1. From the residues in segment B:1-20 that are more than 19 Å from C:Lys42 (Cβ to Cβ) and at the interface with another protein chain (Cβ under 7 Å from one of its Cβ atoms), which one is farthest from the chain's Cα centre (by Cα)?
2. Give me the pairs, please: first residue somewhere in segment C:34-61 and closer than 30 Å to A:Gly97 by Cα, second residue anywhere and among the hydroxyl-bearing types (Ser, Thr, Tyr), beta-carbon distance under 6 Å, and either six or more positions apart or on two chains.
3. Can you say whether C:Thr41 is within 19 Å of A:Lys78 (Cβ to Cβ) and either facing chain B (nearest Cβ under 8 Å) or assigned to a helix (DSSP H, G or I) (or both), as far as the supplied structure shows?
4. How many of the residues making up segment B:11-20 are touching a residue at least 12 places away in the same chain (Cβ under 8 Å) and open to solvent by 70 Å² or more (accessible area, probe 1.4 Å)?
5. Given B:Arg33, B:Arg57, B:Arg23, which one is open to solvent by 40 Å² or more (accessible area, probe 1.4 Å), within 14 Å of the chain's Cα centre (by Cα) and of a type in the set (D, E, K, R)?
6. Within segment A:26-44, is there a residue that is within 28 Å of A:Gly156 (Cα to Cα), loosely packed, with under 15 Cβ neighbours inside 10 Å and more than 8 Å from chain C (Cβ to nearest Cβ)?
7. Go through B:Leu65, B:Leu73, B:Leu8 for me and flag whichever is within 16 Å of C:Asn77 (Cα to Cα), open to solvent by 60 Å² or more (accessible area, probe 1.4 Å) and without any contact (Cβ under 8 Å) to a residue 12 or more places away in the chain.
Amino acid sequence: MMRRLRDSLVLFATLLLFWVMLMGSLAADTLIVGVMASLVIALLFPDGLSFFTEFRATPRAFLAGFLYYGYFLKELVKSNLTLAAIVVSPSLPIDPGIVKVRTRLKSRMGRLMLANSITLTPGTLTVELEGEWLYVHWVRMESADIDAATARIVAGFEHYLEVMYG
Amino acid sequence: MVDWLIYLAASLAGVAFLLALARFIKGPKATDRVVAFDVLTIISITGIVLVALAEGRAIYLDVALVYALLSFLGVIVIARYLERGF
Amino acid sequence: MGAILDIIGGLLMVAGTAFLLLGGLGLIRMPDVYNRIQAGTKATTLGTLLTLAGVACLRPEWLLKLLLIGFFMLFTNPLSSQVLARAAHRIGEDKAPATRIDRLAEDLGDKS
C-alpha cells in the first residue's frame with residue numbers, strides 16, 4: 001500500500017516536471033492545469049512506470065546516476081563509430097548472432113533501463129525479455145557463452161543500475 | 001558561415017531521408033517497411049527542428065515533440081498488430 | 001564569443017545529420033531486418049541528439065524544450081526498436097545466412 005502510494009506520487013511529480021518544462025513557465029494558471037492533468041493520470045494509472053519509479057533516493061544513487069549517464073553517452077558514441085565503420089566498409093564485415101544473457105537486477109525500471117541501454121550501445125539489440133534472461137542480437141558476436149556474453153554486454157551498465165534501482 | 005553549415009546539414013538530412021525512403025519502398029517484408037518508417041520519422045523530427053531554426057519559430061518545437069509522441073505510438077501499434085496479424 | 005558558439009553549433013548539426021545519413025545507408029546495405037534495426041535506429045538517435053545540441057548552441061533560449069525532445073527520443077527510440085525486433089522474431093522473419101546462432105529460437109524449441 002505504502003509502496004503504491006509512493007509510486008503514484010513519483011509518477012505525479014515526474015509528469016508535473018515534464019509539464020513545467022514543456023510550458024516553460026510557472027504562472028498560476030498553467031500550473032493549475034498541469035497539477036490537475038498530472039493528478040488524473042497518476043490516479044488512472046497506478047501501475048504506471050515513470051523515470052524515477054523505484055529509484056533509490058540516496059546520495060550514492062544520484063552519484064551512480066550521473067556516472068551512468070556519462071558511461072552511457074561514451075558507449076553510445078563508441079557504438080555509432082563502430083557501426084559507421086561497418087556500414088561504410090565495402091565488404092560489410094558483420095558476424096551476427098542472438099545470444100542469451102542474465103541480469104541480477106530485480107526492479108522493473110532497472111530491467112527496462114538495462115534493456116534500453118543495451119539496445120543503444122555497441123552492436124547489440126535486445127530482442128526478448130523474459131524474467132532475468134535477455135536475448136540480445138549482436139552484430140559482431142564475440143562469444144555465444146552465457147557468462148562471457150553477460151560480462152561483455154551487461155556488466156558495465158548493471159554496475160551502475162544496481163545502485164540506482166536495485 | 002553558419003548559414004552555410006545549416007544548409008549543409010539540411011541537405012545531408014534530405015539524402016538520409018531519401019535512403020530510408022528507398023528501403024521503405026523496396027521492403028521486401030512488412031517489418032522492413034516499419035523499420036524504415038521508424039527511421040523516416042526520426043529524420044523528419046530533425047527536419048522539423050531545422051525548420052524551426054531556419055524560421056526562428058519556437059512553436060515548431062512543440063510540433064516536433066507531438067510528432068515524436070504520435071510516431072512512437074504508431075510504431076508500437078503496428079508492431080503489435082504484426083505479431084498477431086498473420 | 002557568440003560567433004564561436006554559432007560555429008560549434010553548426011558543426012554539431014552537420015555531424016548529427018552525417019550520422020542520419022549513415023543510418024540511412026545502413027538501412028540500405030544491411031542484409032536482414034535485425035541488422036537494419038541496429039544500423040537504422042542507433043545512428044539516427046545519436047544523429048538527432050547531436051543536431052538538437054547544435055540547435056541549442058545557436059538558440060540557447062530553446063534549451064529546455066530541446067532537452068525535452070532529446071530525452072524523449074533517448075527513451076522511445078530503443079523501446080520501439082526492441083518492440084519491432086521482438087515482433088520480427090515472433091513472426092519468424094528471415095535471418096541473414098551469416099547468422100551464427102539463435103539462442104531464442106533454441107529455447108522456444110525446447111518448450112514446445
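1. B:Met1
2. Here the result reads C:Ile37/C:Ser81; C:Thr41/C:Ser81; C:Thr48/B:Thr46, each pair linking segment C:34-61 to a residue that is among the hydroxyl-bearing types (Ser, Thr, Tyr).
3. Answer is yes for this residue.
4. Matching residues across segment B:11-20 total 1.
5. Sole residue among the options that is open to solvent by 40 Å² or more (accessible area, probe 1.4 Å), within 14 Å of the chain's Cα centre (by Cα) and of a type in the set (D, E, K, R): B:Arg33.
6. The answer is no, given that none of the residues of segment A:26-44 is within 28 Å of A:Gly156 (Cα to Cα), loosely packed, with under 15 Cβ neighbours inside 10 Å and more than 8 Å from chain C (Cβ to nearest Cβ).
7. Just one listed residue meets the conditions, B:Leu73.
Quick grid of which residues meet (1) open to solvent by less than 10 Å² (accessible area, probe 1.4 Å); (2) of a type outside the set (A, V, I, L, M):
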site: C:Gly54; (1), (2): yes, yes
site: C:Leu64; (1), (2): no, no
site: C:Phe72; (1), (2): no, yes
site: C:Ser81; (1), (2): yes, yes
site: C:Leu84; (1), (2): yes, no
site: C:Ala87; (1), (2): yes, no
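The values are calculated or read from the model by the stated rules, or taken from the named source; none is laboratory data. Source: prediction; values computed, not measured. Glycine gets a Cβ as well: all are built from the backbone with ideal geometry, and neighbour counts include every protein chain shown. Note: areas computed on protein heavy atoms with side chains; ligands, DNA, RNA excluded. Shrake-Rupley method; radii C 1.70, N 1.55, O 1.52, S 1.80 Å.
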